[in-house]
Amino acid sequence: MVVKRKPKASNATAALAQAPISNDQELAFYRDMLLIRRFEEKAGQLYGMGLIGGFCHLYIGQEAVVVGMQSAAGKGDSVITSYRDHGHMLVCGMDPKGVMAELTGRATGYSRGKGGSMHMFSREANFYGGHGIVGAQVPLGTGIAFANKYRGTDRVSLVYMGDGAVNQGQVYESFNMAALWKLPVIYVIENNKYGMGTSVERASASHDLYVRAAPYGIPGCQVDGMDVLAVHKVAREAIAHVRSGAGPYVIEAQTYRYRGHSMSDPAKYRTKEEVAQMRQEHDPIDLVRRRLIETLEVTEDVLKQIDREIKEIVTEAADFAQSSPEPDPAELWTDVLIEA
Amino acid sequence: MTTMNMVKALNSALDVMMERDPNVLTFGEDVGYFGGVFRVTEGLQARYGRERCFDTPIAEGGIVAAAIGMGAHGLRPVVEIQFADYIYPAFDQIVSEAARLRYRSAGQFNAPITIRSPYGGGIFGGQVHSQSPEGLFTHVAGLKTVVPSNPYDAKGLLISAIEDDDPVIFLEPKRLYNGPFDGHHDRAVRAWAGRAEAEVPDGYYRVPLGKAAIVRAGEAVTVLAYGTMVHVAMAAAEEAQIDAEIIDLRTLIPLDIETIEASVRRTGRCVIVHEATRTSGFGAELIALVQEHCFYHLEAPIERVTGWDTPYPHAFEWEYFPGPARVIQALRRVMGDAT
């Protein structure tokens, strides 16, 4: 069985949206989710060692969301997200070495060390950042969708936000414009239940977040964000819908982050039992692993081989980040304005 | 050449650029069908279609953010914020996104957008239709801020702004749209027609960003002004018969410090005039720069004439507005003549 580095993006058509999921694809899901998990664990370690400073928001627990979504996206479809962005970059095909080097503020990072964890970009990967202001990426991604439509392409703009962002006014400005102008955009709400230390119940008057765009006539759905297959299927349908020119779509993926909001999080807003239960009963990687072994009859050896490869990639990324030089002090002044 | 007021000149700039570059598009509140509250986009929708000149919801944050996204993806949007006073809902997007995109993506992405907005007083707009917020933008690294003072410059600067790969805040002195205004509100309104700056080429030309204009040569004192205050300063110098050199900054960022420095070193005196409130206004930055560059050439303390540190009042429009009388007082003070 061939294990691909990353599932090749496909042209999602209505027909394809119905296509069965192959074993190779499930293995690719497993691989991509494991890459994010191990990468984030390593980032957490480097943070603890003082090699990553400032803010660092780990994606551990939420892997099925971005992997399920992006496995249904195609070449040239763009991604924009908030500050919990490492997983999105890895799945978009950005080099783990460059991402880790950016986390450690090195010259070899995607933004030459000047962006850090929350602010990374790749034109090549159609990854439009990495944004540190809650909700600010949502109208930006709406503008990207506008540009795609203006140019007459059928590319889709995937805009990720958290449950905290859905109470920002600019999200509704975006919904209105996207519906008014029938823009090819998918809004993915990653509902991990907590905006920093405040639960959805304490921050939102209504708790079904996918219906927030319904008054604008934007269709939406809720999906188990801990099940990559479920996310993938919903994503295929949504992308086919949007690519057909039918206008925007909203997906609320119900997910969970295991770690704190950022690296310093007193964890007083939820119980240890709640976190433990999610990890034990709903872990997205365990779910796929069980399905691969029990239903698809993939051997432990195949999975172990993947585990080893991922470990190697992550170790290599960490080594690269630690051995890379810091940016030249002259870089302080570059890329402020065009002349600089 | 055609005689144009500032509205027509700005319209012509948009027309020229939309004709030349299919990636240029313009939108905002009432911009499309209606042609803009001050008529700057009149006729553009009819000429270029609803895809390229269109109305938006009243949602300034969304308007600017959508433009940034378009710009990052290769378009060159020009948005209109109907009054500069309405720009604050978009402030987050301007400061946190537009101004930072190039830096934090290490040059991979940029926001080649132009945000046009009428600003300033003199039309009894009251507190939220009269403000001069330029200092909020000059304080932010990663933005350019442009303020034209006449039709010729307005067109040439707007073309430069649209072609510029950085985000440009383009503030249009709305009291100058239909004619030069020197602060004498009790005199007859004048039109642009008949003035050299109103003779505007029909086609493409640029007035470069970062180049000030010496609009009146003089030896006794240097006056730094922009927008409406250029005309106020001119009137003040003529009426007081002071040999003032008046520099129209035209762009605040990038600033033409060379022209300022050369003039102040020669005159040894400097008066700065702006309509915006005084504290932390752009005049404070100019004073700092002039003393850094020209300290040993100064013959007198630098003066600034500004709006007061109050909201823009409706009833006291002309007490707030820094008219020629206040500029003359400042000129006389720096000349050592207290009369």
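The values are calculated or read from the model by the stated rules, or taken from the named source; none is laboratory data. Not measured: the values here are computed from a predicted model. Virtual Cβ from ideal backbone geometry, glycine too; neighbours counted across all protein chains shown. SASA here: full protein model, heavy atoms, side chains in, ligands and nucleic acids out. Shrake-Rupley method; radii C 1.70, N 1.55, O 1.52, S 1.80 Å.
Within the range A:99-175, list the trypsin sites (Lys or Arg not before Pro) lying in a DSSP loop whose Cβ has at most 16 other Cβ atoms in a 10 Å radius.
A:123
Using 7 Å Cα-to-Cβ label points, what is the residue B:257/residue A:274 separation (nm, one decimal)?
Inter-label distance under the simple model: 5.4 nm.
Could you check how much of the accessible area of the range B:48-178 is carbon and sulfur, as a whole percent, using a 1.4 Å probe?
Values: 1580 of 3000 Å².
Using a 1.4 Å probe with all protein chains present, the range B:48-178 comes out at 53 percent carbon and sulfur.
Put a dot 7 Å past each Cα toward the Cβ at residue A:305 and residue B:202; how far apart are the dots in nm?
Spacing of the two 7 Å Cα→Cβ label points: 7.3 nm.
Could you give the Stokes-Einstein D for the range A:36-138 in µm² per second, using the C-alpha Kirkwood radius, 20 °C, 1.002 mPa s?
The diffusion coefficient I find is 159 µm²/s.
When the Kirkwood hydrodynamic radius is evaluated over all pairs of different C-alpha atoms of the protein assembly as shown, what value in angstrom, to one decimal, is obtained?
Evaluated on the protein assembly as shown, it is 27.0 Å.
How many nm is it between the label spots at residue A:211 and residue B:141, if each spot is 7 Å from the Cα in line with the beta carbon?
So the two model labels end up 4.8 nm from each other.
Of all accessible surface on chain A at a 1.4 Å probe, what whole percent is carbon and sulfur?
53 percent
By DSSP, what percent of the beta bridges with both residues in chain A are antiparallel, rounded to the nearest 5?
Around 10 percent antiparallel, to the nearest 5.
What does the extension gain come out to for residue A:294 and residue A:199, with contour length at 0.36 nm per residue minus their alpha carbon separation?
Working: separation 95, 0.36 × 95 = 34.20 nm, distance 3.56 nm.
In short, 30.6 nm is gained.
Under 1.5 on a/c is rounded, so check that first for the range A:60-198, then, if it is not, pick prolate when a/b is larger than b/c and oblate when it is not; a ≥ b ≥ c are the square roots of the alpha carbon gyration tensor eigenvalues.
Values: a/c = 1.71, a/b = 1.26, b/c = 1.36.
Note, shape of the range A:60-198 comes out oblate.
List, by residue number, every residue in the range B:81-114 with a reduction of 50 Å² or greater in accessible area between the chain on its own and the complete protein assembly, 1.4 Å probe.
The answer is B:97, B:102, B:103, B:104, B:106, B:108, B:109.
At 25 °C and 0.890 mPa s, what whole-number value in µm²/s does Stokes-Einstein give for the translational diffusion of the range A:118-186, with Rh from the Kirkwood sum over Cα pairs?
So the translational diffusion coefficient is about 198 µm²/s.
Sequence neighbours fewer than 8 away in the same chain don't count; with that in mind, list the lysines whose C-alpha is under 18 Å from residue B:211.
B:144, B:155
I'd like the Kirkwood hydrodynamic radius of the range B:285-327, using the inverse of the mean 1/r over distinct C-alpha pairs, in Å.
Numbers: mean 1/r = 0.0800 Å⁻¹.
Across the range B:285-327, the inverse of the average 1/r is 12.5 Å.
For the range B:2-200, compute Rg over Rh where Rg is the Cα radius of gyration and Rh is the Kirkwood radius from the inverse mean 1/r over Cα pairs. Numbers along the way, then the final one.
Values: Rg = 16.1 Å, Rh = 16.8 Å.
Rounded to two decimals, Rg over Rh is 0.96.
So what is the calculated 222 nm ellipticity per residue for the protein assembly as shown, using -39500 (n - 2.57) for each DSSP H run with n of 4 or more, over all residues, to the nearest 500 deg cm²/dmol?
Helices in the protein assembly as shown give a 222 nm mean residue ellipticity of -11000 deg cm²/dmol.
What does the accessible area of residue A:299 come to, in Å² to the nearest 10, when a probe of 1.4 Å is used?
70 Å²
What does the charge add up to near residue B:304, with Lys and Arg as +1, Asp and Glu as -1, over the other residues with Cβ less than 15 Å from its Cβ?
Taking every other residue near residue B:304 into account, the sum is 0.
Using a probe radius of 1.4 Å on protein heavy atoms only, what is the accessible area buried between chains A and B, both sides summed, to the nearest 100 Å²?
Chain pair A/B: roughly 3400 Å² of buried accessible area.
Using only the alpha carbons of the range A:194-262, determine the length spanned along each of the three principal axes and report them from longest to shortest in whole angstroms.
Extents along the principal axes, in whole Å: 39, 29, 17.
So what's the range B:197-281 giving for Cα Rg divided by 2.2 N^0.38 Å, two decimals?
Here the Cα radius of gyration is 1.14 times the empirical estimate.
Are there any residues in the range A:311-340 with a reduction of at least 50 Å² in accessible surface when going from the isolated chain to the assembly of protein chains? Probe 1.4 Å, please list them by number.
Checking the loss per residue gives A:335, A:336, A:337, A:338.
Counting only trypsin sites (Lys or Arg not before Pro) that sit in a DSSP loop (anything but H, G, I, E, B) with at most 12 other Cβ atoms within 10 Å, what is the longest stretch of chain B containing none of them?
Answer from the scan: B:188-339.
Nearest 5 is fine: what % of DSSP beta bridges in the protein assembly as shown come out antiparallel, could you say?
Values: 10 of 63 bridges.
Here the share of antiparallel DSSP bridges comes out near 15 percent.
If you roll a 1.4 Å probe over the heavy atoms of the protein chains, what accessible area per residue do you get for the protein assembly as shown, in Å²? Show your work: numbers first, answer last.
Details: 25620 Å² over 679 residues.
I get 38 Å² per residue for this part.
Over every pair of different alpha-carbon atoms in chain A, take the mean of 1/r and invert it; report that Kirkwood radius in Å. Mind dumping the intermediate values first?
Values: mean 1/r = 0.0493 Å⁻¹.
Result for chain A, one decimal place: 20.3 Å.
Taking residue A:42 as the anchor, which lysines have their alpha carbon closer than 27 Å to its alpha carbon, excluding any fewer than eight residues away along the same chain?
Within reach: A:4, A:6, A:8, A:97, A:114, A:193, A:268, A:272, A:304, A:311.
Please express the Cα-Cα pair-distance distribution P(r) of the range B:213-335 as a list of whole percents, one per 10 Å bin, running from 0 to the bin with the greatest distance.
15, 50, 30, 5, 0
Could you work out the percent of alpha carbon pairs in chain B separated by over 35 Å, rounded to a whole number?
Values: 10797 of 57291 pairs.
More than 35 Å apart: 19 percent of the Cα pairs in chain B.
Which percent, to the nearest 5, of DSSP beta bridges fully inside chain B are antiparallel?
DSSP beta bridges in chain B are roughly 20 percent antiparallel.
Leaving out ligands, DNA and RNA, what percent of the accessible area of the range B:213-335 is carbon and sulfur, probe 1.4 Å? Mind showing how you got there, number by number?
Values: 2600 of 4860 Å².
Of all accessible area on the range B:213-335, carbon and sulfur atoms account for 53 percent.
Taking the alpha-carbon distance from residue A:75 and a cut-off under 15 Å, which aspartates and glutamates remain once sequence neighbours fewer than 8 residues away in the same chain are dropped?
A:124, A:154
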